[in-house]
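Presented below is the structure to which this report refers.
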Amino acid sequence: MAINTDKNVYTVVFASVMVVVVGSILAFLATGLSGRINENMRFEKQQNILYAMGVNENADEGSVNFVPTDEVESEFSQYITEQIVIKGDEVVENKEAYLIDMKKQLALAKKGQTPELPLFIGEKEGKKFYVIPMYGKGLWDDIWGYIALDSEMVVQGVFFDHKGETPGLGANINQRYFMDDFSGESIMDGTKYAGINVAKGNNDPLNNDKDDNEVDALAGATITGNGVAAMIKETVNLYKDYLQTIRTN
Amino acid sequence: MALLSKKDANLIKDPLADNNPITIQVLGICSALAITAELKASVVMAIAVMFVLGVGNVVISAMRNIIPSKIRIIVQLIVVATLVIVVDQVLKAFAYPLSKTLSVFVGLIITNCIIMGRFEAFALGNGLWRSFLDGIGNSLGYGIILVIVGFFRELLGSGTLFGFPVLGDPIEKTGLYSIGYENNGFMIIPPAALIVVGIIIWVQRSRNPALVEEN
């Protein structure tokens, strides 16, 4: 039987049925998979935090290797000794501080309200690490990361990631050759909390100068690089009152 | 190919050469420029498009007699978007690291004009099997250009292939770099892809003058 597909009634009915069918498929899928997806995201956060403080399986070949997913939970509770939330002058311990959404907290801070800022205190081989989550904007979309400091405000490791930076250009902020450069840089310029700049043409591509608050930028990714620098600066600025209490130099 | 009749085999072969979606139909240029700075991304994109176009063509072909022609473009768009989201969600749940690699491509696949182009030009008028072959053929044709462009851009721009340094270390000055060779930074920015695609088009048309359009 041939159907007259040009009739308005048919078109409307077809569109309605299609919307219902597609909507149900997607809704069914989203609810069915949300448990697994959330767990994957939780593990990823733990892996990223541990990565920044140097708990990872990086080998010499230069690729990023996290702690395996099935071990990350136990490693996380082993290395992260304390998770705190800083709200104004109040500092409380919170075992689920790592689940706090930094994007929301930064939005609160921008509106002039007091954000709840998570900070993770880790210990590895007798050394203390302060891991701070970061959130910012790249060229196309959100970028985020973690920065691990010691009590002298020297970067011990970083981790960056992005939602949709250009593959091969800005997307490379999550590559070792970019992230490794941050290690050893101080976020202090004298007594000022200066952050770390992602600089073009600073004549230091090997990043031998660790006192210049600068790392070498990625070619072809100026805006993403600027986003990373702005993100570090903003985060450090938010945390500086607390950092002041732990700073030893 | 004994498996396919001659007519069917041409559905696969034509897009690889004389009816290539990028160099002849000039479709899918945007993604070809955006993601070909490295070879790995090119390959991932080619596989992702192959899946979406293969399955999407079959779905559209199955619905071709009941789709109201007035809203057919919207229907096509919904089919692509749904497919891509389904794949994205399933990967997020079961292959999380892979989904991270692909996330940036999701938007690029939905807007890829090859997909809408093949739905409109082929799947709406042909049967399931032929539509499937057409989808695979066109995504192969698309993929092969992506890989060629990605190869040259990554090799000349970064001196690596699939992330492995093949020309030596540009900072330590080993391999080719020791005799003064430098990476061409221009190759990793999108305009370089346009030039590489242009060269491919030039080579292809000079080998087969029948492809040159008459003015």
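The values are calculated or read from the model by the stated rules, or taken from the named source; none is laboratory data. Please read all numbers here as calculations on a predicted model, not as lab measurements. Glycine gets a Cβ as well: all are built from the backbone with ideal geometry, and neighbour counts include every protein chain shown.
Residue under question is A:I143, and the condition is that it be at pLDDT 90 or above, touching a His at 6+ places or on another chain (Cβ under 6 Å) and surrounded by 14 or more Cβ atoms within 10 Å (Cβ to Cβ); does it hold? Yes: the conditions hold for A:I143.
Scanning the range A:150-170 for residues being within 14 Å of chain B (Cβ to nearest Cβ) and not β-branched (V, I, T) gives a total of 11.
Here's the yes/no breakdown for (1) crowded, with 18+ Cβ neighbours inside 10 Å; (2) over 18 Å from the mean Cα position of the chain (by Cα):
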position: B:V43; (1), (2): no, no
position: B:L53; (1), (2): yes, no
position: B:I73; (1), (2): no, yes
position: B:Q76; (1), (2): yes, yes
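When the range B:111-131 is filtered for residues that are assigned to a helix (DSSP H, G or I) and buried (at least 21 other Cβ atoms within 10 Å of the Cβ), the ones remaining, listed by number, are B:I114, B:I115, B:R118, B:F119, B:A123, B:S131. When B:P97, B:P68 are checked against the criterion of being within 11 Å of chain A (Cβ to nearest Cβ), of a type outside the set (V, I, T) and surrounded by fewer than 17 Cβ atoms within 10 Å (Cβ to Cβ), B:P97 stands alone in meeting it. Restricting the range B:151-191 to residues that are more than 10 Å from chain A (Cβ to nearest Cβ), surrounded by 13 or more Cβ atoms within 10 Å (Cβ to Cβ) and part of a helix (DSSP H, G or I), the residue that is nearest to the chain's Cα centre (by Cα) is B:F151.
Residues in the range A:157-216 that are part of a loop (DSSP other than H, G, I, E, B) and of a type in the set (G, A, S) were compared, and the one that is farthest from A:L238 (Cα to Cα) is A:G168. Looking for whichever is at pLDDT below 85 and either buried (at least 19 other Cβ atoms within 10 Å of the Cβ) or under 30 Å from B:E38 (Cα atoms) (or both) here; the options are A:L149, A:L206. Which one fits? After applying the criteria, what remains is A:L206. Looking only at residues that are in contact with a Cys (Cβ under 8 Å, 6 or more places away or on another chain) and part of a loop (DSSP other than H, G, I, E, B) in the range B:19-42, which one is farthest from the other protein chains (Cβ to nearest Cβ)? Here the answer is B:L27. Sub-9 Å Cβ pairs linking a first residue in the range A:145-160 that is more than 14 Å from A:A194 (Cβ to Cβ) to a second residue that is acidic (D, E) and assigned to a strand (DSSP E or B), at least 6 apart or interchain, are A:G145/A:D161, ordered by first then second residue. For the range A:115-122, state whether one or more residues are in contact with a Pro (Cβ under 6 Å, 6 or more places away or on another chain), among the aliphatic types (A, V, I, L, M) and either under 18 Å from A:L243 (Cα atoms) or surrounded by 14 or more Cβ atoms within 10 Å (Cβ to Cβ) (or both). No: the range A:115-122 contains no residue that is in contact with a Pro (Cβ under 6 Å, 6 or more places away or on another chain), among the aliphatic types (A, V, I, L, M) and either under 18 Å from A:L243 (Cα atoms) or surrounded by 14 or more Cβ atoms within 10 Å (Cβ to Cβ) (or both). For the range A:84-97, the set of residues classified as surrounded by 13 or more Cβ atoms within 10 Å (Cβ to Cβ) and either β-branched (V, I, T) or touching a His at 6+ places or on another chain (Cβ under 8 Å) (or both) consists of A:I84, A:V85, A:I86, A:V91, listed by residue number. Annotation: of all residues in the range A:211-228 being within 11 Å of chain B (Cβ to nearest Cβ) and surrounded by 19 or more Cβ atoms within 10 Å (Cβ to Cβ), the one that is nearest to A:V155 (Cα to Cα) is A:D216.
Condition (residue is touching a His at 6+ places or on another chain (Cβ under 8 Å), in a strand (DSSP E or B) and among the charged types (D, E, K, R)) applied to the range A:132-139: is it met by at least one residue?
no
Filter the range A:205-249 down to residues that are small (G, A, S), out of contact with any strand residue (DSSP E or B) (no Cβ under 7 Å at 6 or more places or on another chain) and within 19 Å of A:D141 (Cβ to Cβ), then give me how many there are. Result for the range A:205-249: 2.
A quick yes/no check of all residues on (1) within 15 Å of A:F159 (Cβ to Cβ); (2) more than 11 Å from chain B (Cβ to nearest Cβ); (3) surrounded by 11 or more Cβ atoms within 10 Å (Cβ to Cβ):
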position: A:L29; (1), (2), (3): no, no, yes
position: A:R36; (1), (2), (3): no, no, yes
position: A:K45; (1), (2), (3): yes, yes, yes
position: A:N58; (1), (2), (3): yes, yes, yes
position: A:L99; (1), (2), (3): no, yes, yes
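Having 3 or more residues that are in contact (Cβ under 8 Å) with a residue 60 or more places away in the chain is the bar; report the helices (runs of 4 or more DSSP H) wholly within the range A:1-114 that clear it. Break it down stepwise before answering.
Values: elements: A:8-52, A:69-79, A:102-110.
It comes to A:8-52.
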